[in-house]
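The values are calculated or read from the model by the stated rules, or taken from the named source; none is laboratory data. Quantities reported herein were computed from a predicted structural model and do not represent experimental measurements. FYI the Cβ positions are ideal-geometry reconstructions off the backbone, even for glycines, and counts take in every protein chain you see. Heads up: the accessible areas ignore ligands, DNA and RNA and are worked out on the full protein's heavy atoms, side chains in. Shrake-Rupley method; radii C 1.70, N 1.55, O 1.52, S 1.80 Å.
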Amino acid sequence: MADGTSIESSLNETRVFQPSRDFAGRARVGSLEAYEALYARSMDDPDGFWTEVASELEWFEPWSRVMEGDAPWVKWFVGAKTNLSYNCLDRHLTTWRKNRAALIWEGEPGDVRVFTYQMLHREVCRFANVLTTLGLEAGDRATIYLGMIPELPIAMLACARIGVTHNVVFGGFSADALRDRINDSRSRVVITADGGRRRGAVVPLKKNADEAMTDTPSVEHVIVVRRTGEDVSMRSGRDLWLHELYRDASDRCEAAALDAEHPSFMLYTSGTTGKPKGVVHSTGGYMVGAYATARWVFDLQDEDTYWCAADCGWVTGHTYIVYGPLLNGTTCMMYEGAPNHPGPDRLWSIIEKYRVTILYTAPTAIRSFIKWGDQWPEKHDLSSLRLLGTVGEPINPEAWMWYHTRIGGGRCPIVDTWWQTETGSIMISPLPGATPTKPGSGTRPLPGIVPDIVDKDGRSLPDNQGGFLVVRRPWPSMMRTIYGDPERYERQYWNEIPGVYFTGDGARRDEDGYYWIMGRIDDVINVSGHRIGTMEVESALVSHANVAEAAAVGVEHDVKGQAVVAFVTPKGASAPGPELTDALRDHVAKMIGAFAKPEQIRFTDALPKTRSGKIMRRLLRDLASGRETVGDTTTLEDYSVLAALRESEEG
Ligand code: WT7
């Protein structure tokens with residue numbers, strides 16, 4: 001692989017679960033043959049296939065060609081004009097869905113707000129008018145830094161309505177991380193709240209934003225939502241309360257006719273080297289991908305109450321809390337707070353209370369539920385559930401089985417969905433009424449998607465051999481570029497193996513054509529289903545006054561999937577010890593966010609390096625995981641470093 005070793009897949013899972021006759025009988029895609037026919041059509045006649053799918057949505061002007069150009073510089077629905085917000089909202093207002101609940105929101109303290117499609121439309125129009133009044137126009141960027149309150153999807157849809165490219169920053173990010181993202185995106189407006197509610201406490205969003213905005217020259221205005229009633233400082237001329245801006249805002253706002261390739265949003269994600277990159281998504285192609293995949297994978301029906309228990313700060317929240325479900329006219333559940341507040345059964349009580357039918361969450365959350373104990377789901381009636389989903393990292397078969405029996409009552413299919421921030425929508429997943437599932441496998445590609453497993457020269461590998469997961473053909477919702485760095489986009493995703501999209505994941509395909517994802521092959525740690533670059537953690541550590549050098553690696557973790565372990569060489573006079581450990585963990589939380597805190601910090605006088613000076617993270621990974629023998633060390637410059645590290649581990 002990247003460091004010269006091969007990928008070995010040791011998982012040998014043989015259980016197979018067929019979709020029940022009952023589920024299949026009512027499903028949109030109800031048999032393996034139906035899935036295979038759909039897939040075959042998407043391969044034989046891609047233009048006809050995507051034309052059919054896209055025609056279920058509304059376009060202000062038609063496209064002249066479905067796809068044009070050579071990867072990576074492709075355009076989808078060339079020349080067409082449309083609007084995401086219009087398709088999520090207005091499209092439903094002339095149907096019975098006008099008065100269907102679009103959003104059922106529950107705050108952490110238990111307050112509830114419900115928006116029908118018509119009500120949500122009105123709110124979005126008002127918000128869009130506020131943005132226009134502040135001078136925002138199509139092509140501008142707005143950074144959104146909010147907790148999980150209705151104003152978050154409302155702000156996203158308002159931006160989409162007038163063509164402002166939104167840049168949502170997860171509310172758990174620190175001021176420093178927020179500052180980088182505001183500056184890199186050159187946002188004219190920041191949308192935040194006084195505070196957010198999390199585990200009974202208040203997250204000081206406005207205070208963090210103020211700290212971030214000590215040095216953000218592009219920001220002209222800050223729109224502040226009142227959520228917690230905190231005292232916050234409002235800089236006159238710059239900071240404005242949303243409820244005051246709303247007073248003069250009309251609730252009518254025509255949706256802009258945007259080019260299909262107009263950048264609808266950008267979202268920062270971690271990569272191999274350097275700073276996080278702003279992944280840019282389109283309007284038309286993204287819309288078609290979000291719409292179709294949500295429909296196929298979640299089998300959305302008129303009676304469903306669908307809940308993606310993610311945060312809008314990640315791509316999962318963009319595509320499967322907001323755009324995908326609303327494009328389908330679905331009723332979406334949204335919850336503000338922590339899953340264990342006030343008790344470890346909060347999710348189950350919400351499912352019981354609103355009779356939720358579809359739950360989509362992450363393996364890391366499932367492992368927490370397992371740890372908290374079966375008594376919590378057992379206290380609640382979960383019989384409304386009919387379908388379960390997972391995303392973010394490979395799910396271990398034990399967690400899959402627990403989800404299946406304890407939450408799904410043995411009757412709900414599980415869709416294990418593989419995709420990335422960059423892919424925009426789900427790429428590999430079972431269709432719940434069609435695909436037999438094997439615990440731990442994302443199964444087969446969705447229509448239009450051509451994955452493959454290849455070696456480093458791009459040659460396809462035979463079944464059951466581990467290699468790089470790539471995608472051979474462009475697809476509508478693929479990212480269009482890295483904001484401000486098209487060259488990096490081309491290099492990192494399309495030139496690694498010429499002509500194909502490089503995912504950065506290792507995987508194998510079995511004899512049934514099922515994909516088994518083995519995880520990242522680059523220097524990226526997947527903590528609780530979210531990517532953190534080893535580089536980012538290292539930069540944060542070395543920015544501390546007492547650190548000379550640092551290396552971060554990922555190790556297996558029961559709940560988080562992977563956890564960060566950092567090896568740190570302190571500066572001359574500073575004493576290693578628990579005090580410095582605490583200070584460094586807090587420092588990383590301050591620089592990136594609490595979720596990136598190293599689980600463990602190990603102090604060392606020197607780091608193992610190659611003769612060319614590269615830190616040998618592989619050795620550190622082995623050490624941190626407590627593996628007896630470390631792999632090939634022939635390129636190591638100084639063997640005594642390794643011996644010293646081993647000793648420090650024993651001591
Ligand atoms: C990386 C993408 C897509 C939304 C959440 C994360 C890993 C994602 C699965 C899955 C195995 C998965 C991959 C991927 N991943 N889903 N079902 N099985 N691994 O988005 O932060 O862009 O991370 O998450 O390693 O490359 P992201």
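Pairs to check: LYS371/LYS560; LYS456/LYS560; LYS207/LYS275; LYS590/LYS614; LYS371/LYS590; LYS353/LYS379. Give those whose C-alpha atoms are more than 21 Å from each other in this structure. Each step should come with its number before you reach the end.
Working: LYS371/LYS560 12 Å; LYS456/LYS560 30 Å; LYS207/LYS275 24 Å; LYS590/LYS614 27 Å; LYS371/LYS590 28 Å; LYS353/LYS379 13 Å.
Over 21 Å Cα-Cα: LYS456/LYS560; LYS207/LYS275; LYS590/LYS614; LYS371/LYS590.
Using 0.36 nm per residue, how much length does the chain from SER218 to VAL114 gain when fully extended, once their Cα-Cα distance is taken away? Mind showing how you got there, number by number?
Details: separation 104, 0.36 × 104 = 37.44 nm, distance 3.52 nm.
Between SER218 and VAL114, full extension yields an extra 33.9 nm.
If a cysteine in the chain has no other Cys Cβ under 4.7 Å from its own Cβ, put it on the list, ordered by number.
Singleton cysteines: CYS88, CYS159, CYS308, CYS312, CYS332, CYS412.
Sort 458-467, 293-302 by packing, meaning the average of other beta carbons within 10 Å per residue, with the highest value first. Let's see the in-between values first.
On the way: 458-467: 14.9, 293-302: 22.2.
Ranked by mean Cβ neighbours within 10 Å, highest first: 293-302, 458-467.
Taking the Cα centre as origin and putting +1 on Lys and Arg beta-carbons and -1 on Asp and Glu beta-carbons, what dipole magnitude results for the chain, to the nearest 20 debye? Before the final figure, lay out each step's value.
On the way: 71 positive and 87 negative charges, 216 e Å.
In total the dipole reaches around 1040 debye.
Computing the accessible area with a 1.4 Å probe over protein heavy atoms, can you report the carbon and sulfur percentage for the chain? If you can, show how the numbers build up before the last one.
Values: 11930 of 24750 Å².
The computed percentage sits at 48.
Give the calculated FRET efficiency between ARG472 and ARG28 to the nearest 0.05, with a Förster radius of 22 Å applied to their Cβ-Cβ distance. If you can, show how the numbers build up before the last one.
Working: r = 26 Å, r/R0 = 1.20.
It comes out at approximately 0.25.
Can you tell me the order of 430-436, 152-158, 489-495 when each peptide is scored by its average per-residue count of other Cβ atoms within 10 angstrom, highest first?
On the way: 430-436: 24.3, 152-158: 27.9, 489-495: 17.9.
Highest to lowest by the protection proxy: 152-158, 430-436, 489-495.
For the chain, what is the accessible area per residue in Å² when the probe is 1.4 Å?
On the way: 24750 Å² over 651 residues.
Normalised by residue count, the accessible surface of the chain is 38 Å².
Report the FRET efficiency, 1/(1 + (r/R0)^6), for ASP510 and ASP558, where r is their Cβ-Cβ distance and R0 is 22 Å, rounded to 0.05.
Once the sixth-power term is evaluated, E becomes 0.25.
Calculate, in nm to one decimal, what MET401 and ASN464 gain on full extension: separation in residues at 0.36 nm each, minus their alpha carbon distance.
20.4 nm
I'd like the distance between the alpha-carbon centres of the range 285-347 and the range 549-614, rounded to an integer number of Å.
35
What distance in nm separates the two pseudo spin-label positions at ALA643 and ASP586, each 7 Å out from Cα along the beta-carbon direction?
3.9
How do 137-146, 160-169 rank on mean C-beta neighbours within 10 Å, highest first?
Working: 137-146: 21.3, 160-169: 25.9.
So the peptides 137-146, 160-169, ranked by packing, come out 160-169, 137-146.
Stretched out fully, how many nm does the piece from GLU61 to THR610 gain, at 0.36 nm a residue minus the Cα gap? Could the numbers behind the result be given before it?
Values: separation 549, 0.36 × 549 = 197.64 nm, distance 5.77 nm.
Difference between extended and current length: 191.9 nm.
Under a plain spin-label model, where a point goes 7 Å from the Cα along Cα-to-Cβ, how far apart in nm are SER574 and SER250?
Each label point is offset 7 Å from its Cα along the Cβ direction, giving 5.8 nm.
How would you classify the range 527-650 from its alpha-carbon gyration tensor, with a ≥ b ≥ c the square roots of the eigenvalues: rounded for a/c under 1.5, else prolate if a/b is greater than b/c, otherwise oblate? Intermediate values should be presented prior to the final figure.
Details: a/c = 1.67, a/b = 1.21, b/c = 1.38.
Because a/c hits 1.5 or more and a/b fails to exceed b/c, the range 527-650 counts as oblate.
By the gyration tensor of its Cα atoms, with a ≥ b ≥ c the square roots of the eigenvalues, what is the shape of the range 347-479: rounded for a/c under 1.5, prolate for a/b over b/c, or oblate? Please list the in-between numbers first.
Details: a/c = 2.51, a/b = 2.05, b/c = 1.22.
Prolate.
Based on Cα coordinates alone, diagonalise the gyration tensor for the chain, multiply each eigenvalue by 5, take square roots, and list the semi-axes in whole Å, largest first. All intermediate terms of the calculation are to be shown ahead of the outcome.
Values: eigenvalues 266, 193, 128 Å².
They are 36, 31, 25 Å, listed from largest to smallest.
Would you be so kind as to identify which of TYR403, THR421, GLY392 lies farthest towards the positive end of the dipole of the range 358-428, taking Lys and Arg as +1 and Asp and Glu as -1 on Cβ and the Cα centre as origin?
TYR403
With the contact rule set at Cα under 8 Å and sequence spacing of 6 or more, what percent relative contact order holds for the chain? Intermediate values should be presented prior to the final figure.
Details: 1414 pairs, mean separation 89.5, N = 651.
With pairs under 8 Å counted, the relative contact order is 14 percent.
Can you work out the base-10 log of I(q)/I(0) for the range 1-128 at q = 0.12, 0.15, 0.18, 0.19 1/Å, using the Debye formula on its C-alpha atoms alone?
For the requested q values the scattering log ratios are -0.91, -1.07, -1.08, -1.09.
Given only helices, namely DSSP H runs of n ≥ 4 each adding -39500 (n - 2.57), what is the per-residue ellipticity at 222 nm of the chain, to the nearest 500 deg cm²/dmol?
Values: 20 runs with 181 residues, N = 651.
Result for the chain: -8000 deg cm²/dmol, rounded to the nearest 500.
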